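For reference, the structure is listed below as structure tokens.
The values are calculated or read from the model by the stated rules, or taken from the named source; none is laboratory data. Note that this is a predicted model, so its numbers are computed, not measured. Here Cβ is always computed from backbone atoms with ideal geometry, including for glycine, and neighbour counts include all displayed protein chains.
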Amino acid sequence: MWDGLAATELVEVKRRAAIVAEIAEVTPVVVDGAERFAWHDSGGQSAVWYFTPEGRALLLTFDHESELNLYGRGGYAVQESLYRGVPEDLVRLVRDRPENYESLNLVDEATGAAIHHAGGVFWFDGGQWREAEGLLAHCAREGLEPMVESGFGYCTEAYLFGLEFTPETVVGSRAGWYDDEAERAAALREIREVFARHG
């Protein structure tokens, strides 16, 4: 998945993020000029994307069963540290912001400062995708595999990075979701309409 993401032009990453968000019925929002798109599986896993006007991006993934789930564990300082190495203007997009379904806040009880939870913190610098230095350092200290514990693979599966992204491949990737051919055909029609809205 990581290699697939890295090989995908940012404009296409953004298009896929917008399509997947609409299919998941997550309304996009603008945060300080950055467009936010998100996906969740209604079970505690999510992917949240922020695309800035100047061509950079922030991706947060979250797996609620992971060792990197710091929510409810008093983990504000650790969560803040996972963002180390990400430019401050990108981190500002998730610092002291209202909570939402995909992103709850971890709060510093001493200062009231808040930051959105994320197991995986990744960013695009305008030329390439990077794993946050803080995420890598924390995982090295704790003996964790960042790409596994971040939920990156599962949380980005819907975007089909490295694969053809069409209504047909999206429906094919969700084959187990449909009870019969009529249900599958109805889903394909709906997803084609979503693709048509995004060019």
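Okay, residues lined up against (1) among the hydrophobic types (A, V, I, L, M, F, W, C); (2) in contact with a Phe, Trp or Tyr (Cβ under 7 Å, 6 or more places away or on another chain):
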| position | (1), (2) |
| --- | --- |
| 77 | yes, no |
| 80 | no, no |
| 84 | no, no |
| 106 | yes, yes |
| 109 | no, no |
| 112 | no, no |
| 119 | no, yes |
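Tell me, which residue of region 171-192 that is surrounded by 11 or more Cβ atoms within 10 Å (Cβ to Cβ) and of a type in the set (Asp, Glu) is nearest to residue 5 (Cα to Cα)? So, considering only residues that are surrounded by 11 or more Cβ atoms within 10 Å (Cβ to Cβ) and of a type in the set (Asp, Glu), the one nearest to residue 5 (Cα to Cα) is 190. Here the condition is being over 30 Å from residue 191 (Cβ atoms) and under 18 Å from the mean Cα position of the chain (by Cα); of 142, 133, 157, 109, it holds for 133 alone.
Among the residues making up region 53-79, those that are over 16 Å from residue 122 (Cβ atoms) and without any contact (Cβ under 8 Å) to a residue 40 or more places away in the chain are 53, 64, 65, 72, 73, 74, 75, 76, 77. Scanning region 1-36 for residues that are buried (at least 19 other Cβ atoms within 10 Å of the Cβ) and within 18 Å of residue 91 (Cβ to Cβ) yields 34, 36. Applying the condition of being small (Gly, Ala, Ser) and part of a helix (DSSP H, G or I) to region 141-170 and asking which residue is surrounded by the fewest Cβ atoms within 10 Å (Cβ to Cβ) yields 153.
Of all the residues in region 113-140, those that are of a type in the set (Gly, Ala, Ser) and either surrounded by 21 or more Cβ atoms within 10 Å (Cβ to Cβ) or not assigned by TED's automatic domain parsing to the domain that holds residue 48 (or both) number 4. Condition (residue is among the acidic types (Asp, Glu) and modelled with pLDDT under 95) applied to region 132-143: is it met by at least one residue? Looking for residues that are among the acidic types (Asp, Glu) and modelled with pLDDT under 95, one finds at least one in region 132-143, hence yes.
Residues that are at pLDDT 95 or above and under 16 Å from residue 134 (Cβ atoms) were ranked within region 94-112; the one that is surrounded by the fewest Cβ atoms within 10 Å (Cβ to Cβ) is 95. Any residue in region 152-170 that's closer than 9 Å to residue 61 by Cα: show its pairings with residues that are part of a helix (DSSP H, G or I) and among the aliphatic types (A, V, I, L, M) at Cβ separation under 8 Å, as long as the two are six or more apart or on different chains. Every condition considered, the pairs that remain are 156/5.
For region 1-100, the helices (runs of 4 or more DSSP H) that sit wholly inside it and include 2 or more residues that are more than 30 Å from residue 194 (Cα to Cα) are 76-82, 88-91.
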